[in-house]
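Heads up, the thing below is written out as structure tokens.
Derivation of every value follows stated rules applied to the coordinates shown; laboratory data play no part. Everything quoted here is computed from the prediction, not taken from an experiment. Note: ideal-geometry Cβ built from the backbone for every residue, glycine included; neighbour counts use all protein chains shown.
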Amino acid sequence: MSDTFGFDTLQIHAGARPDPATGARQVPIYQTTAYVFRDADHAAALFNLQEVGYIYSRLTNPTVAALGERVAALEGGAGAVCCSSGHAAQIMALFPLMMPGTNIVASTRLYGGTITQFSQTFRRFGWSTNFVDTDDLAAVDAAIDDNTRAIFAETIANPGGYVTDIPALAEIANRHGIPLIIDNTTATPYLANPIAQGATLVVHSMTKYLTGNGTVTGGVVVDSGAFDWSQNDKFPSLSQPEPAYHGLKFHETFGSLAFTFHSIAIGLRDLGMTLNPQAAHYSLMGIETLSLRMDKHVANAQKLAEWLQADNRVEAVTYAGLDSSPYKERAGRIVPKGAGALFTVALKGGYEACVKLVDSLELFSHVANLGDTRSLIIHSASTTHRQLSPEQQVAAGAAPNVVRLSIGIEDADDLIADLDQALAKATA
Ligand SMILES: *Cc1c(COP(=O)(O)O)cnc(C)c1O
């Protein structure tokens, strides 16, 4: 697909072409496990990675491939691999880079589930994580040692309304010869382009805004294709001979597609965190309207954040689109089309008022999700961030007196009316 096309064109057309067998205009759901080989030579070439084609749907599937191509185009990457969830995408992003004994430097302000995955489960792989405040660039630099294989942060950190200085982290990563991985879930490629700002890998929970309507669990890893995996000896999986493929060197053989090919040929083959074609179909449908939805999400979020901030039952609102936000200036650089639609509200009534608010809302749904067309609310301290220590909760923007809102694309006035009546009950 031509890279001169604009975002609105790419979100509909990238990765899609009329079906060669039937002419079907919409991408068909290729609900098949396997693909017939032309002959024995064809099969051998596919298994040797000498020819690109479909073998088995744990590795590749045409519906899933169309989705990967579309997200790669929107993010400005060379290739993408779809996965069964956002958390799977995070494992898939790190898998080619890591060995037992290696570590990553990650932001303290990550999605709660990611902090748990990185700090608990990754330890069993022999991977460790140094959490640092990524606003403190000297601390990020100091946290990197010889065994560090990546820096990891989120564009707009969920749920605290923090915006990450992606170019500044990219400069540090480049200087150390390691990739910067950005979780762009809450911004989406419409609001932020981490690759253009220096990131090597971008991960998404497609469960959220990309699909957009709360129907799918999915993830994707996008590779910029620009990182030199052979510049040092830190990434042997990509730069050194691979025994499982007769000594093939992924970087030497596939160049800018080395990471993507490795993720399919080794990652999906052996970890099996594959996205199914039905889910890929829903995500393709969702992405067709991404820019329209994000404009409305952002407009509603701005209006609601301003209304809440002016309300005397509210202590504080952390939305980077507000003039009062310390991240306002940075948001203008990193997410120029808007600071997303996710923010937290601290209530004067504390923990009790938060719980009552959540129970009194009628239009907002109390769910552990975000990035849906409908407005959602959660009290992070008693749910998603429950596993964290009180210090970690505060660092992640999920203190006990804080609720997180994910603003949908309903009429803003209806959402304000709902919040108004629920705040009245919560503070009565
Ligand atoms: C939801 C989420 C994830 C995890 O994605 P799943 O699809 O639920 O596995 C990771 N990062 C962020 C920012 C998220 O919001």
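Of note:
- Radius, Kirkwood style, for the stretch 82-192 when every pair of distinct Cα atoms is counted (Å): 14.0 Å
- Length gained on full extension, ASN48 to SER324, computed as 0.36 nm times the residue gap minus the Cα-Cα distance: 93.6 nm.
- Only lysine pairs 8 or more places apart or on separate chains count here, and in the chain those with Cα atoms under 18 Å apart total 9.
- 17 Å reach of a label modelled at PHE5, 7 Å along Cα-to-Cβ, counting backbone N of the stretch 175-215: 189-190
- Close amide H pairs (under 5 Å, H built 1.01 Å from N) link PHE343 with LEU405, ILE407, residues at least 5 positions away or on another chain.
- A protection proxy built from the mean count of other Cβ atoms within 10 Å ranks the segments 110-122, 127-139, most packed first, as 110-122, 127-139.
- Pairwise FRET efficiency - TYR56 versus HIS366, Cβ, R0 = 56 Å, nearest 0.05: 0.85
- Residue-span extension gain [ALA142 to ARG269] - 0.36 nm each, minus C-alpha spacing: 42.1 nm
- Extension gain, ARG374 back to SER389 (0.36 nm per residue minus Cα-Cα distance, nm): 2.4 nm
- Taking VAL163, VAL71, VAL27 as the candidate residues, the one with maximal mean-square fluctuation in a Gaussian network model of the chain, Cα springs under 10 Å, is VAL27.
- At q = 0.13 Å⁻¹, base-10 log of I(q)/I(0) for the stretch 290-426 (Debye sum, equal scatterers on each alpha carbon): -0.51
- Ranked by the mean number of other Cβ atoms within 10 Å per residue, highest first, peptides 262-269, 245-252 order as 262-269, 245-252.
- Each residue of the stretch 72-88 was assigned a 3J(HN,Hα) from its phi angle through the Karplus expression (A = 6.51, B = -1.76, C = 1.60, θ = phi - 60°), giving 4, 5, 5, 8, x, x, 7, x, 8, 10, 7, 9, 6, 6, x, 5, 4 Hz with x at Gly and Pro.
- Relative contact order (%) - the chain, alpha-carbon pairs under 8 angstrom, separation at least six: 17 percent
- Per-residue ellipticity at 222 nm from helix content only, as computed over the chain with -39500 (n - 2.57) for each DSSP H run of at least four residues, stands at -10000 deg cm²/dmol.
- Rg(Cα) / (2.2 N^0.38 Å) computed for the chain, rounded to two decimals: 0.99
- Other-chain or far-sequence residues with amide H under 5 Å of VAL132's (modelled H): ALA106, SER107, THR108
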